[in-house]
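Working notes, beginning with the structure itself.
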Amino acid sequence: MEASAVLYSQNVLDFDLPLSLITFSRQISKSSLHSIRSISFEPQRRLYVLKPGGSGHCIAVGGKTFQMDQWAQMWDVIASMQGLREVRVKFRAPWMGWDEKDVLDPLWKVTRPMKLFDVDAPWLAAEMCCEKDVIGRKMPFRLLGTG
């Protein structure tokens, strides 16, 4: 028990699919889940970049995908993690065909103040990165973009 508290509290746990975090959260004790201080999530880690083919066409090799219901469930788990202090989310490409609202709305479930809660979306223009949503609510996360 003591070793698991050190393991979970002093390391960044890194996930690539919502189902990975959901399954992980069901396999460890509640006290271990609440010991986790920092997580990172990169849903497109296995997304391969478009490369020009020999004929001038681009070839896309896709990575794993996931369902929006799993995305929302993952944020339920994250919101319940009492010891969590840092959350990092990194997208490599636009929202995989999803609406921005569908991607960002589940993040509002995290209501506790975080030391760090960043969502990196590098295709966003800098002027899109703000502290409030379209209806004026203060975002619990920082939306980063390098546009």
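To keep it simple, each residue is scored yes or no on (1) under 24 Å from residue 108 (Cα atoms); (2) at pLDDT 95 or above; (3) crowded, with 17+ Cβ neighbours inside 10 Å.
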{"position": "32", "(1), (2), (3)": "yes, no, yes"}
{"position": "45", "(1), (2), (3)": "yes, no, no"}
{"position": "53", "(1), (2), (3)": "no, no, no"}
{"position": "63", "(1), (2), (3)": "no, no, no"}
{"position": "69", "(1), (2), (3)": "yes, no, no"}
{"position": "76", "(1), (2), (3)": "yes, yes, no"}
{"position": "80", "(1), (2), (3)": "yes, yes, no"}
- Note on the structure: Inside the range 71-107, the number of residues satisfying the requirement of being in a loop (DSSP other than H, G, I, E, B), closer than 16 Å to residue 38 by Cβ and of a type outside the set (A, V, I, L, M) is 3
- Using the structure shown, decide if residue 88 is under 27 Å from residue 122 (Cβ atoms) and modelled with pLDDT of 90 or more. yes
- Could you tell me which residue of the range 11-47 is farthest from residue 74 (Cα to Cα), considering only residues that are in a loop (DSSP other than H, G, I, E, B) and among the polar types (S, T, N, Q)? 11
- Query: When only residues in the range 115-145 that are under 22 Å from residue 12 (Cβ atoms) and exposed (fewer than 15 other Cβ atoms within 10 Å of the Cβ) count, which is modelled with the lowest pLDDT?
  - Reply: 122
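The values are calculated or read from the model by the stated rules, or taken from the named source; none is laboratory data. Model, not experiment: these values are computed from the prediction. When we count neighbours, we look across all protein chains shown, and the Cβ atoms used for this are built from the backbone with ideal geometry, even at glycine.
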